[in-house]
Amino acid sequence: TPPPAPQPTPDRLQDVVRRGELRVCSTGDYRPFTYRDEHGAWSGIDIDVAHDMAAKLGVRATIVPTSWKKLMDDFPARCDIAVGGVSVTLERAQKAFFSSTFGVDGKTPITRCENVARFQTLDQIDQPGVRAVVNPGGTNEKFAEQNLKKATIVEHPDNNTIFQQIIDGRADLMMTDSSETRWQAKQHPELCSVHPDQPFTFAEKAYMLPKDDVAFQQWVNHYLDIARHDGTYQRFAQPWLG
Ligand SMILES: O=C(O)C(=O)C[C@]1(C(=O)O)C=C[C@@H](O)C=C1
């Protein structure tokens, strides 16, 4: 019997350059990383990074809207890279590659400032009558489902308006990434991040890349190294993080 034909090495980078377009999946609901406003305009640190990556490849970036629920169905079929506060998880890493990581994050509560002392520990939070609001589809939902047995989980589908739910008293808290609690607490003086420097979990942020495509992963990692050292990344982060 003839030996099996060798599998062609995946080379998405070459496809991107030939196509003249880098297709970027993003949810648009997670500031400061990715945001899509009511007019459809995109912004965010990772959106700017994606445009810069495309420019350095000599191509244009097209942002492909997705959701946390659909992310693993859309990627890598509809896009070449997924950006916007995506956490590295072992589950996702079975289906995709990740770039090098940039920033450690983890779940911590955000609540109205008068409640900070009440919601320090998971035991304090997981009590009957406590309403934890959750956005569906991502690691926040998984964390809430795993850790809240007695508290009430209130699902809110739109992450761009979810923090108003806490301000308005329709929920008591949300457990989400420290980076997001810091940013949202700055925007909303009513809200306080409970202990952003000691989150309950450990999660790293990275860009998601097509599985087995080492050439593309290498390129993105080199891009990130250079962007971190030549001030490019800082230039995109500065307007959001100060
Ligand atoms: O799923 C992930 O990787 C995320 O980090 C996204 C996620 C989530 O966990 O739901 C994190 C924070 C935002 O509130 C929105 C989405």
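The values are calculated or read from the model by the stated rules, or taken from the named source; none is laboratory data. The model shown is predicted, which means the values in this text are computed figures rather than measured ones. Reconstructed Cβ throughout: ideal geometry from the backbone, glycine too, with neighbour counts over all protein chains shown. Please note that ligands, DNA and RNA were not included when accessible areas were found on the heavy atoms of the full protein model with its side chains. Shrake-Rupley method; radii C 1.70, N 1.55, O 1.52, S 1.80 Å.
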Placing +1 on each Lys and Arg Cβ and -1 on each Asp and Glu Cβ in the chain, then taking the dipole about the Cα centre, the residue among HIS39, LEU241, ASN115 whose Cα reaches farthest towards the positive end is HIS39
Output ordering of 85-97, 177-189 (per-residue mean of other Cβ within 10 Å, highest first) is 177-189, 85-97
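Among 115-122, 34-41, what's the highest-first ranking by average C-beta atoms within 10 angstrom per residue?
Numbers: 115-122: 15.0, 34-41: 13.4.
Going by the mean number of other Cβ atoms within 10 Å, highest first, we get 115-122, 34-41.
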Nearest 10, in degrees from 0 to 90: the angle of helix 178-187 to the longest Cα principal axis of the chain is 60
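Of all DSSP beta bridges in the chain, what percent run antiparallel (nearest 5)?
Antiparallel bridges: around 60 percent, rounded to the nearest 5.
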Reported to the nearest 10 Å², ASP74 has, with a 1.4 Å probe, an accessible area equal to 10
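Quick check on my link table: of LYS70/LYS149; LYS142/LYS211; LYS150/LYS211, which ones sit more than 31 Å apart, alpha carbon to alpha carbon? Write out the running numbers ahead of the final one.
Numbers: LYS70/LYS149 26 Å; LYS142/LYS211 23 Å; LYS150/LYS211 39 Å.
Check vs 31 Å cut-off fails for LYS150/LYS211.
Let me check I have the definition right: for the chain, take the eigenvalues of the Cα gyration tensor, multiply each by 5, take square roots. What are those semi-axes in whole Å, largest first? Kindly include the intermediate steps, with their values, before the conclusion.
Working: eigenvalues 244, 82, 47 Å².
Values for the chain, descending: 35, 20, 15 Å.
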In order over the stretch 20-31: 3J(HN,Hα) from phi, Karplus 6.51/-1.76/1.60, θ = phi - 60°, whole Hz, x for each Gly or Pro, gives x, 8, 9, 8, 10, 6, 7, 8, x, 10, 9, 6
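What order do you get for 203-209, 62-68 when each peptide is scored by the mean count of other beta carbon atoms within 10 Å, highest first?
Details: 203-209: 22.3, 62-68: 18.3.
Order by mean packing, descending: 203-209, 62-68.
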For VAL214 the rounded accessible area (nearest 10 Å², probe 1.4 Å, non-protein molecules ignored) is 80
Here, ASN147 and ARG228, labelled 7 Å along Cα→Cβ, have an inter-label distance in nm of 2.6
Kirkwood Rh for the stretch 111-242 from C-alpha pairs, in Å, is 16.7
With no solvent term and unit scatterers on the alpha-carbon positions of the stretch 1-110, Debye gives log₁₀ I(q)/I(0) at q = 0.19 Å⁻¹ of -1.07
With every protein chain in place, the accessible area of MET72 for a 1.4 Å probe, in Å² rounded to the nearest 10, comes to 50
Calculated from DSSP helices alone, with each H run of at least 4 adding -39500 (n - 2.57) and the total divided by the residues of the chain, [θ]222 nm to the nearest 500 comes to -9500 deg cm²/dmol
One finds, for LYS211 and GLN238 with R0 = 51 angstrom and r their Cβ-Cβ distance, a FRET efficiency to the nearest 0.05 of 0.95
Most fluctuating of PRO199, PRO157, PRO32 in the GNM of the chain (C-alpha, under 10 Å) is PRO157
